[in-house]
Amino acid sequence: MVGVTLVTLAGFSWLFAMPANIRGHVQNPYIGLLVFVAIPIVFFIGLALVPVGIFLAKRKVRQEFEHLPDRQNAWRRAGLFFGIMTLANIIIGSQLTYRSVEHMETVQFCGQTCHVMKPEFTAHLLAPHQQVECAACHVAPGASGWFKAKMAGTNQLIAVVFNTFPRPIESALEDNRLVSSAATCEQCHARNLFIGSPLKVITKYNEDETNSRTETVLMMQVGGGRFGGIHGAHMGPGVQIRYAAQDKKRQTVPWVEYRNTDTNVTRTYLADGAKADAATAFPVFEMQCADCHNRAAHSFEAADRAVDDAITTGRIASDLPFVKKTGVAIIKTAYATNDDAGRKIPSALMSFYQQKYPDLAGKRAADIQNAGKALASIYEHNVFPDLKVSWGTYQNNLGHTDAPGCFRCHDGSHSTADKKTTISQDCTLCHQSLAMDEKSPEILKTLGIAETLTGVRQ
Ligand code: HEC
Ligand code: HEC
Ligand code: HEC
Ligand code: HEC
Ligand code: HEC
């Protein structure tokens, strides 16, 4: 009877909560947890209790039936009743299971119900992959990928419940949780697509009183397919690059192998000072999209770049004296919690102007307040004190200025055994530098690119 009560209760609660959830009215992530996880658990516990109850009370049940005048008919009716109820419960139960499994793959469940995912959820809200579900990159297609993800998920849930999960959470490359690019990225992006040479304009502001603006203009030799370039060299037809990584974050690469099955060329490179057995002593990985684009979905910014972007996009007024230098210093300060930062950052900026530029503090109060809010928002998107995620915790491998990135291999020290060939560090192979930290570069004028259209770094 307890079982029947639980099943009925869960069934009705579910029926009432379901429509609002389907129509997407429920923003609270914990309602999802209730409807798709807690209620189904109660439902199935109830269902399991029914046969247990009948088994435990089987003598009593039989006695009850003995007293009935038309015993056979009563048994038949009881059988029919249980048969229909079981069928109904199987239908409801399969719906519940299907919906709860489906729900556990949503961005809401992964990113919000599970609070330890907050940094990744926050970064995921920014372009370009905000519409791509977490599971598209973190769960391999097919039954075995699904099963593996659920097993890993169960372990992670236990770690969260018992508070034993690492802080910061290891990056997906670091603990080998990332699904291959063929199963993820390449569902939407063709490996051999020819991209050519897109222009990259990087706008920066100096730490002087006028926040003087400079631009770097790079023409990225992305290429693609059989045309070579950055994509073609690593991902072109027949190309397979494998590397050994000495550390879990894969930042120290002692051994690299280039193989082209179309041309039958194989070259093996060893870093200066690396032991000859590096390929067997350390784990070996095949190079894929995420080895360069590791922050495609969750890009945490460097503090100075984030402030540069905010100035370029007008969230911070570019004519507030020393706003770049002061802004970066303020957001690089450690705050105990995000709430604390949200309060202290705007007031720190205001007090800087009140002390150093009292006139301005009054006249430009609104601009200073907006700049303070923008700084607080940058902090909130990149620093998560409770999870020990701070500036530089998760580095971006796409480049070589903020982290080793490309230079993990292209550092001029990786050479073949005869020392004749090295993995090149020639700047022009990767990008033509059309301007380097220049004020109003000529090239942008030539190309007719207005200042307002440049500089939002992704
Ligand atoms: C476009 C693909 C993609 C999507 C979509 C995506 N991720 Fe990731 N995620 C990655 C890659 C690539 C890494 C590995 C980063 C690294 O190792 O440096 C990663 C790493 C992580 C990590 C490990 C910690 C870290 O920051 O490295 C967590 C946790 C994570 N993702 C959670 C999520 C959640 C939650 C969502 C949905 C809100 C999501 N991911 C959506 C590609 C994706
Ligand atoms: C479900 C489809 C989907 C998956 C899976 C996916 N992407 Fe994308 N990606 C997109 C779309 C759509 C865009 C274009 C967004 C836009 O132009 O605003 C994009 C844009 C990009 C860009 C260009 C960003 C820019 O600044 O222009 C890169 C780089 C990228 N994806 C890499 C990856 C990598 C690496 C993976 C695998 C870890 C991946 N994507 C997985 C759909 C996807
Ligand atoms: C060797 C490193 C490397 C690998 C491997 C790599 N990329 Fe890229 N990719 C780059 C670089 C560098 C750029 C140019 C970035 C820029 O403009 O800032 C780029 C640009 C892109 C762009 C944006 C092109 C545009 O329109 O501006 C997309 C999309 C992309 N890559 C997807 C992928 C996918 C998908 C894979 C895997 C099949 C992949 N990349 C593998 C380094 C790499
Ligand atoms: C894991 C090691 C590794 C990393 C990291 C790496 N590369 Fe490479 N790269 C190679 C190898 C190996 C080759 C092929 C060398 C050969 O032809 O034998 C190569 C070739 C190239 C070439 C063609 C060079 C030529 O001589 O034509 C370009 C361009 C290039 N890489 C760009 C990049 C960029 C950009 C990045 C960072 C986003 C990067 N690589 C990161 C290993 C790496
Ligand atoms: C193996 C490929 C590769 C080589 C070699 C290389 N670069 Fe780069 N470089 C990149 C990539 C990729 C980026 C990142 C572009 C982006 O922001 O997306 C970059 C970015 C830069 C930037 C912009 C930094 C910033 O502030 O964002 C500068 C400056 C630069 N490179 C200079 C050089 C110089 C000088 C050399 C020669 C010594 C060189 N690079 C060699 C791949 C390379």
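The values are calculated or read from the model by the stated rules, or taken from the named source; none is laboratory data. This one's a predicted model, so the numbers in the text were calculated from it and none came from an experiment. Because the Cβ atoms are built from the backbone with ideal geometry, glycine has one as well, and the counts that use them run over all protein chains shown.
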| message | So, in the stretch 233-273, how many residues would count as being closer than 17 Å to Leu398 by Cα and without any contact (Cβ under 8 Å) to a residue 24 or more places away in the chain? | response | 1
| Quick one: which of Ala374, Ala365, Ala403 is in the same structural domain as Cys292 (by TED's automatic domain parsing) and either more than 16 Å from ligand 1 (Cβ to nearest atom) or at pLDDT below 95 (or both)? | Ala403
| message | Looking at (1) in the same structural domain as Ser415 (by TED's automatic domain parsing); (2) within 16 Å of ligand 5 (Cβ to nearest atom); (3) charged (D, E, K, R), which one does Asp308 not meet, given that it meets all the others? | response | (1)
| message | Looking at the structure I just gave you, is Lys200 in contact with a strand residue (DSSP E or B) (Cβ under 8 Å, 6 or more places away or on another chain), of a type outside the set (Ser, Thr, Tyr) and surrounded by fewer than 18 Cβ atoms within 10 Å (Cβ to Cβ)? | response | yes
| query | Can you name every residue in the stretch 167-210 that is within 16 Å of ligand 5 (Cβ to nearest atom) and either farther than 20 Å from Pro128 by Cβ or basic (Lys, Arg) (or both)? | reply | Lys200, Lys204, Tyr205, Asn206, Glu207
| query | Checking His410 against (1) within 30 Å of Asp339 (Cβ to Cβ); (2) surrounded by 14 or more Cβ atoms within 10 Å (Cβ to Cβ); (3) at pLDDT 90 or above, which single condition isn't satisfied? | reply | (1)
| If you go through the stretch 164-180 one residue at a time, do you hit one that is within 16 Å of ligand 2 (Cβ to nearest atom), in contact (Cβ under 8 Å) with a residue 24 or more places away in the chain and over 24 Å from the mean Cα position of the chain (by Cα)? | no
| task | Could you list all residues from the stretch 361-381 that are in contact with a helix residue (DSSP H, G or I) (Cβ under 7 Å, 6 or more places away or on another chain) and either among the charged types (D, E, K, R) or buried (at least 16 other Cβ atoms within 10 Å of the Cβ) (or both)? | result | Ala361, Ile368, Ala371, Gly372, Lys373, Ala374, Leu375, Ala376, Ile378, Tyr379, Glu380, His381
| field | Conditions (1) at pLDDT 95 or above; (2) farther than 22 Å from Tyr357 by Cα; (3) β-branched (Val, Ile, Thr); (4) within 16 Å of ligand 5 (Cβ to nearest atom); number of the one not met by Thr268 | value | (4)
| request: Report yes if some residue within the stretch 147-161 is among the basic types (Lys, Arg), in contact (Cβ under 8 Å) with a residue 60 or more places away in the chain and surrounded by fewer than 19 Cβ atoms within 10 Å (Cβ to Cβ); otherwise report no. | output: no
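Residue-wise test of (1) charged (D, E, K, R); (2) in contact with a helix residue (DSSP H, G or I) (Cβ under 9 Å, 6 or more places away or on another chain); (3) in a loop (DSSP other than H, G, I, E, B).
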position: Glu186; (1), (2), (3): yes, yes, no
position: Asn192; (1), (2), (3): no, yes, yes
position: Ile230; (1), (2), (3): no, yes, no
position: Asp247; (1), (2), (3): yes, no, yes
position: Arg250; (1), (2), (3): yes, yes, yes
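Please indicate, with yes or no, whether at least one residue in the stretch 131-140 is more than 27 Å from Ala17 (Cα to Cα) and touching a residue at least 60 places away in the same chain (Cβ under 8 Å).
Yes; the residues of the stretch 131-140 include at least one that is more than 27 Å from Ala17 (Cα to Cα) and touching a residue at least 60 places away in the same chain (Cβ under 8 Å).
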| request: Those residues that are among the hydrophobic types (A, V, I, L, M, F, W, C), within 16 Å of ligand 4 (Cβ to nearest atom) and at pLDDT 85 or above, I need them from the stretch 144-190; list them, please. | output: Leu173, Cys185
| remark: Only one of (1) within 30 Å of Trp146 (Cα to Cα); (2) of a type outside the set (Phe, Trp, Tyr); (3) surrounded by 14 or more Cβ atoms within 10 Å (Cβ to Cβ) does not apply to Asn176, and that is (3)
| query | Quick one: in the stretch 120-147, which of the residues that are part of a helix (DSSP H, G or I), closer than 17 Å to Ala290 by Cα and of a type in the set (A, V, I, L, M, F, W, C) is farthest from ligand 5 (Cβ to nearest atom)? | reply | Ala135
| message | Please return the ranges of helices (runs of 4 or more DSSP H) entirely within the stretch 34-104 where 2 or more residues are more than 14 Å from Val7 (Cα to Cα), in contact with a Leu (Cβ under 8 Å, 6 or more places away or on another chain) and among the hydrophobic types (A, V, I, L, M, F, W, C). | response | none
| said: Quick check on the stretch 362-381. Is at least one of its residues more than 16 Å from ligand 3 (Cβ to nearest atom) and closer than 18 Å to Ser171 by Cβ? | reply: yes
| query | Quick one: in the stretch 204-216, which of the residues that are closer than 13 Å to Lys324 by Cα and either basic (Lys, Arg) or touching a Gly at 6+ places or on another chain (Cβ under 9 Å) (or both) is farthest from ligand 2 (Cβ to nearest atom)? | reply | Arg213
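Yes/no per residue for (1) within 12 Å of ligand 3 (Cβ to nearest atom); (2) not small (Gly, Ala, Ser):
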| residue | (1), (2) |
| --- | --- |
| Met220 | yes, yes |
| Arg226 | no, yes |
| Ala233 | yes, no |
| Val239 | yes, yes |
| Arg242 | no, yes |
| Lys248 | no, yes |
| Thr252 | no, yes |
| Glu257 | no, yes |
